[in-house]
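The values are calculated or read from the model by the stated rules, or taken from the named source; none is laboratory data. Predicted model only: the values in this text are computed from it and were never measured. Here the Cβ is made from the backbone with ideal geometry for all residues, glycine too, and neighbour counts use every protein chain on show. All accessible areas refer to the heavy atoms of the entire protein, side chains included, with ligands and DNA or RNA removed. Shrake-Rupley method; radii C 1.70, N 1.55, O 1.52, S 1.80 Å.
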Amino acid sequence: MTTPWFPNTELWPVQHPDRLQLYTMATPNGLKVSIALEEMGIPYEAHLVNILENTQFDPDYLKLSPNGKIPTILDPNGPAGEPITLMETGAILLYLAEKSGKLMPADPRQAWVVKQWLFMQVAHIGPMFGQFGHFYKFAKGKTSDEYAVTRFTNEAKRLLKVLDDRLATTSWLAGEEYTIADVATFPWVACLSFYDGLEAVEFDTFGHVKAWLERCEVRPATQRGRQVGLIGS
Ligand SMILES: N[C@@H](CCC(=O)N[C@@H](CS)C(=O)NCC(=O)O)C(=O)O
């Protein structure tokens, strides 16, 4: 096995070089991976990449993750026993599901349904909810133009309706089994309250999403995953 190269070990000292290394922060995208690792029971070592201090642009970090975003993983024991680094949560979740054999149904038809909802999160829920949070909370007072707030509030509501209709018919997004599609979507829906946006998106009207969110929130592994990458941790 080739010894992996670890980024900036002064900033991110590695205590368990044999374990999967997670570079992250407790944001919705970061939490997807720490929750998945906890749910799958994969041993890992987490490192905080504080995006509020622009640490994601550390030249060493950019070697792992050229787009300068969190999270990133470095698995010393990747395919054929060789190290692998991965950015992009969709790819990371698929990789972890394959590695662990967990949170992805064995049945190929069902597995495609999981991938469909996973890509729906990555392409729509994440970017649109993120823009909603940006304009509704963080850019408040910085622009007098209501256009963006209205656009992303409406889009967030539209997407919640898509999720609600789906969850009216199934317990979890891809069916009766909890999968990486739920892992990916949960932190973004949970984040609406951090954006103080529950009223704006009329969250209470989406009863099936609300009940699903509660089912996700009580999972012990999910609760542990939510503690990873907090500032000061
Ligand atoms: N499509 C990427 C999105 C990652 C992403 O946007 N991460 C945010 C935190 S939630 C980030 O690193 N932001 C820092 C920045 O934009 O400079 C993924 O799914 O991994």
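Could you check, for region 23-37, whether at least one of its residues is modelled with pLDDT of 95 or more and over 18 Å from residue 230 (Cα atoms)?
No.
Just to check your reading of the model, which residue among 13, 76 is crowded, with 20+ Cβ neighbours inside 10 Å, away from the ligand (no atom under 16 Å from the Cβ) and over 14 Å from the mean Cα position of the chain (by Cα)?
Selected residue: 76, the only one of 13, 76 that is crowded, with 20+ Cβ neighbours inside 10 Å, away from the ligand (no atom under 16 Å from the Cβ) and over 14 Å from the mean Cα position of the chain (by Cα).
Could you identify the single residue in 64, 103 that is surrounded by 14 or more Cβ atoms within 10 Å (Cβ to Cβ), within 16 Å of the ligand (Cβ to nearest atom) and modelled with pLDDT of 95 or more?
That would be 64, the only listed residue that is surrounded by 14 or more Cβ atoms within 10 Å (Cβ to Cβ), within 16 Å of the ligand (Cβ to nearest atom) and modelled with pLDDT of 95 or more.
For region 112-127, what are the residues that are more than 13 Å from the ligand (Cβ to nearest atom) and within 12 Å of residue 155 (Cβ to Cβ)?
The answer is none; no residue qualifies.
Got a sec? Which helices (runs of 4 or more DSSP H) wholly within region 1-113 have at least 1 residues that are within 15 Å of residue 180 (Cβ to Cβ)?
Qualifying helices (runs of 4 or more DSSP H): 28-40, 89-100.
Please specify each residue of region 5-30 satisfying the condition of being in contact with a Phe, Trp or Tyr (Cβ under 8 Å, 6 or more places away or on another chain) and touching a residue at least 40 places away in the same chain (Cβ under 8 Å).
Scanning region 5-30 gives 6, 7, 8, 17, 19, 20, 21, 22, 23, 28.
Any residue in region 135-146 that is assigned to a helix (DSSP H, G or I), open to solvent by less than 50 Å² (accessible area, probe 1.4 Å), modelled with pLDDT of 95 or more and of a type in the set (A, V, I, L, M, F, W, C)?
Checked against the condition, which is being assigned to a helix (DSSP H, G or I), open to solvent by less than 50 Å² (accessible area, probe 1.4 Å), modelled with pLDDT of 95 or more and of a type in the set (A, V, I, L, M, F, W, C), region 135-146 yields no hits at all.
Just a yes or no: is a residue in region 172-191 more than 15 Å from the ligand (Cβ to nearest atom), of a type outside the set (Gly, Ala, Ser) and over 26 Å from residue 40 (Cα atoms)?
no
Identify the residue in region 51-61 that is more than 10 Å from the ligand (Cβ to nearest atom) and within 16 Å of residue 10 (Cα to Cα) and, among all such residues, is least open to solvent (accessible area, probe 1.4 Å).
By that ranking, first place goes to 61.
Just give me the residues in region 115-132 being of a type in the set (S, T, N, Q) and open to solvent by 40 Å² or more (accessible area, probe 1.4 Å), in sequence order. Walk me through how you get there before you give the answer.
Quick first cut of region 115-132, residues of a type in the set (S, T, N, Q) only: 116, 121, 131.
Matches in region 115-132: 116, 131.
Give all pairs with beta carbons closer than 7 Å in which a residue from region 124-145 that is in contact (Cβ under 8 Å) with a residue 60 or more places away in the chain and in the same structural domain as residue 189 (by TED's automatic domain parsing) meets a residue that is part of a loop (DSSP other than H, G, I, E, B) and open to solvent by 80 Å² or more (accessible area, probe 1.4 Å); count only pairs at least 6 apart in sequence or on separate chains.
Between residues of region 124-145 that are in contact (Cβ under 8 Å) with a residue 60 or more places away in the chain and in the same structural domain as residue 189 (by TED's automatic domain parsing) and residues that are part of a loop (DSSP other than H, G, I, E, B) and open to solvent by 80 Å² or more (accessible area, probe 1.4 Å), the close pairs are 137/196.
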